[in-house]
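To keep things clear, I will list the structure first and then write my remarks on it.
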Amino acid sequence: MVGVSFGGSAEEISLKEVGLRYEVDGEIATITLDRPDKRNAQTFATWSALADIGDGLPQQVRVVVIRGEGPSFSAGIDLRMFTPEGVPGQGSFASSAALGEATFADRVTQAQRGFLWLRRPDIVSVAAVQGHAIGAGFQLALACDLRVLADDAKLCMKEPALGLVPDLTGTKPLVDLVGLSRAIEICLTARVVGAQEAARIGLAELVVAPEELDEAVRDLSAALLATNRDAATATKRLLQGASGRTLTEQAAAEGREQAARIKALFGEGGGRAPA
Ligand code: CAA
């Protein structure tokens with residue numbers, strides 16, 4: 001069961017009801033969007049459940065894989081959220097319009113919690129994307145550190161075409177990955193970016209045949225797990241901070257992280273070889 005709260009009211013619902021599966025196998029956690037008949041459309045409950053999973057992630061987990069069941073990774077927000085009736089028990093954007101600015105901002109912050117933990121330095125998150133990744137689906141893929149795409153993947157930031165903005169944490173990683181001009185072009189045309197183009201412009205680390213997607217993600221996970229955990233965490237932290245620092249500041253940060261690593265590996269007095 002996961003605790004899911006919607007604008008003040010809270011209830012307990014199962015991951016199955018939310019449309020998610022969650023499995024932990026040693027150091028790898030796999031989250032599967034599991035509503036293939038609705039192309040893994042996402043609701044407030046999806047985002048609350050993702051946040052809960054992040055909060056309760058077992059300490060041993062180092063790789064988090066997000067995948068989608070069926071032909072599409074995710075068709076984005078559940079379009080019922082744009083109807084006056086909304087999703088049963090979860091309200092709708094139409095009713096959100098009546099909320100005060102602070103209350104609405106709070107709801108967005110709650111939703112974004114489901115995405116932001118995927119950047120924690122102590123894990124590497126990998127999105128395995130086949131078929132459509134639209135709107136919130138594209139943003140969920142962008143929330144991950146790495147993206148492995150099936151060659152049928154179609155990415156689309158559809159929000160502006162619906163009169164909305166992407167607000168599920170996707171804009172910064174998109175700009176970081178493809179640059180401002182390309183991000184403007186992709187978002188403001190709401191066009192589809194195919195897998196090969198995605199790889200070319202930095203949106204994917206790897207493109208494989210659809211039937212090879214799971215194996216490619218397994219291989220990547222194994223390679224990620226082959227490095228020392230604490231060194232991986234410290235290196236990710238360094239890389240994440242690089243764009244906000246000058247070269248001199250980054251060099252100093254490298255030195256600080258390395259001093260901590262050396263101390264951890266050899267102790268104050270030195271002695272043993274790195275694991
Ligand atoms: N919400 C709810 N249901 C959805 C859905 C969505 N986003 N996307 C698909 N479905 C449902 C369809 O209604 C259909 O249900 P029924 O079988 O009960 O009729 C079922 O999933 C299968 O859909 P299709 O027959 O359309 O499947 P397809 O494979 O031919 O097409 C698709 C897939 C291209 C993703 C198409 O379904 C589609 O365009 N979906 C809508 C995409 C969309 O506009 N998403 C919103 C983006 S904006 C956002 O996410 C963030 C935001 O606004 C803040």
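Taking residues in the range 82-98 that are assigned by TED's automatic domain parsing to the domain that holds Ile13, and partners anywhere that are surrounded by fewer than 14 Cβ atoms within 10 Å (Cβ to Cβ) and assigned to a loop (DSSP other than H, G, I, E, B), the pairs with Cβ atoms closer than 8 Å and at least 6 places apart or on different chains are Ser92/Thr83; Ser92/Pro84; Ser92/Glu85; Ala94/Thr83; Ala94/Pro84; Ser95/Pro84. If we keep just the residues of the range 198-217 that are part of a loop (DSSP other than H, G, I, E, B) and either assigned by TED's automatic domain parsing to the domain that holds Ala260 or small (Gly, Ala, Ser) (or both), which is surrounded by the most Cβ atoms within 10 Å (Cβ to Cβ)? Of everything passing the filter in the range 198-217, Ala204 is surrounded by the most Cβ atoms within 10 Å (Cβ to Cβ). Checked against (1) of a type outside the set (A, V, I, L, M, F, W, C); (2) surrounded by fewer than 16 Cβ atoms within 10 Å (Cβ to Cβ); (3) within 13 Å of the ligand (Cβ to nearest atom), Gly89 meets all criteria but (3).
If you go through the range 62-79 and keep only what is near the ligand (Cβ under 8 Å from one of its atoms) and acidic (Asp, Glu), you end up with just Asp78.
For Ala10, the criteria (1) aliphatic (A, V, I, L, M); (2) at pLDDT below 95; (3) part of a helix (DSSP H, G or I) hold in every case but one, which is (3).
Within the set Leu265, Leu238, Leu220, the sole residue that is buried (at least 16 other Cβ atoms within 10 Å of the Cβ) and either assigned to a loop (DSSP other than H, G, I, E, B) or touching a residue at least 24 places away in the same chain (Cβ under 8 Å) (or both) turns out to be Leu220. Summed over the range 123-175, the residues that are more than 10 Å from the chain's Cα centre (by Cα) and among the aromatic types (Phe, Trp, Tyr) give a count of 0. Of the residues that make up the range 14-33, is at least one outside any helix (DSSP H, G or I), surrounded by fewer than 22 Cβ atoms within 10 Å (Cβ to Cβ), assigned by TED's automatic domain parsing to the domain that holds Pro166 and within 13 Å of the ligand (Cβ to nearest atom)? The answer is no, given that none of the residues of the range 14-33 is outside any helix (DSSP H, G or I), surrounded by fewer than 22 Cβ atoms within 10 Å (Cβ to Cβ), assigned by TED's automatic domain parsing to the domain that holds Pro166 and within 13 Å of the ligand (Cβ to nearest atom). Here Arg245 meets the list (1) in a helix (DSSP H, G or I); (2) without any contact (Cβ under 8 Å) to a residue 24 or more places away in the chain almost entirely, failing just condition (1).
Table: residues versus (1) small (Gly, Ala, Ser); (2) more than 20 Å from the chain's Cα centre (by Cα).
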position	(1), (2)
Val217	no, no
Ser221	yes, no
Asp230	no, yes
Leu239	no, no
Thr248	no, yes
Arg256	no, yes
Arg261	no, yes
Ala264	yes, yes
Glu268	no, yes
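Among helices (runs of 4 or more DSSP H) entirely within the range 126-197, having at least 3 residues that are touching a residue at least 60 places away in the same chain (Cβ under 8 Å) and either touching an Asp or Glu at 6+ places or on another chain (Cβ under 9 Å) or more than 9 Å from the ligand (Cβ to nearest atom) (or both) singles out 136-143.
Filtered by the rule that a residue be farther than 13 Å from Leu118 by Cβ and either in contact (Cβ under 8 Å) with a residue 60 or more places away in the chain or within 16 Å of the ligand (Cβ to nearest atom) (or both), the range 39-61 gives Arg39, Asn40, Ala41, Gln42, Thr43, Phe44, Ala45, Thr46, Ser48, Ala49. Just wondering, is there one or more residues in the range 16-31 that are hydroxyl-bearing (Ser, Thr, Tyr) and at pLDDT below 95? No.
The values are calculated or read from the model by the stated rules, or taken from the named source; none is laboratory data. On a predicted model such as this, the values are computed, not experimentally measured, just so you know. Cβ sites come from the backbone with ideal geometry, for glycine too, and all protein chains shown count toward neighbours.
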